[in-house]
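Single-structure report; data block below.
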Amino acid sequence: MMPPRMSPALPQMIVEPDAFRVSRESGLLVSELHGAVAVCVYDDTQGVGGLLHLRYVATSSTNQALDLTDNTLSSDLLLMDRFCKEMRKLGARKQSWRVDLIGHTPEVGGMDEPAATVLDLVKAYFADSRRAVECKEVRRRLGLTVRLESREGRIWINGSSDELRTFGMAVATA
């Protein structure tokens, strides 16, 4: 059986760092990860999906870890609160959420601690979900592209053109 392919006809909505998008319409929520985590949330009972893009590296060109102060982490918590509020506005019910974390960590020194801090914060935030939080961390020099099909909940993770990754029930295809 062939894996499902991404439909080229689906509209793409870019999710910038430190931002989120939620939708109940068919479409792809897309983030380019460079020292960041994509929080993909999908409610399979309501057909609502959302993607939150949190950074732990200041810029992709410098690969310098963010200074994760209490203020920085509090800002991340507030952004997660706003993200969840928007999901609920579209009818998503937290007890039905599937939460998938996809983290990209550059292969340079000093990234393990900031990556672990942000991933642990997000895991703890969603720990009360009925379903276990799924987490995949990819360590590589180049970034990743994460796509969440908002209406169906499928996730595609693409690296370089010769490297495709799959996650959960999603299948990456060229």
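None of the figures in this text is laboratory data; all of them are computed from the coordinates on show. None of the values given here were measured: they were computed from a predicted structure. Cβ placement follows ideal geometry from the backbone for every residue including glycine, while neighbour counts extend to all protein chains displayed.
Note down the net charge around Val22, summing +1 for each Lys or Arg and -1 for each Asp or Glu among other residues with Cβ under 9 Å from its Cβ.
Local net charge: +2.
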| remark: In debye to the nearest 20, the charge dipole size for the range 12-165, taken about the Cα centre with +1 at each Lys and Arg Cβ and -1 at each Asp and Glu Cβ, equals 620 debye
| request: Evaluate the distance, in nm, between pseudo-label points positioned 7 Å from the Cα of Leu73 and of Glu16 along their respective Cα→Cβ axes. | output: 2.7 nm
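Taking the highest mean first, how do the peptides 75-81, 35-41 order by number of other beta carbon atoms within 10 angstrom per residue?
Values: 75-81: 15.0, 35-41: 27.1.
Taking the mean over residues of other Cβ atoms within 10 Å, the ranking is 35-41, 75-81.
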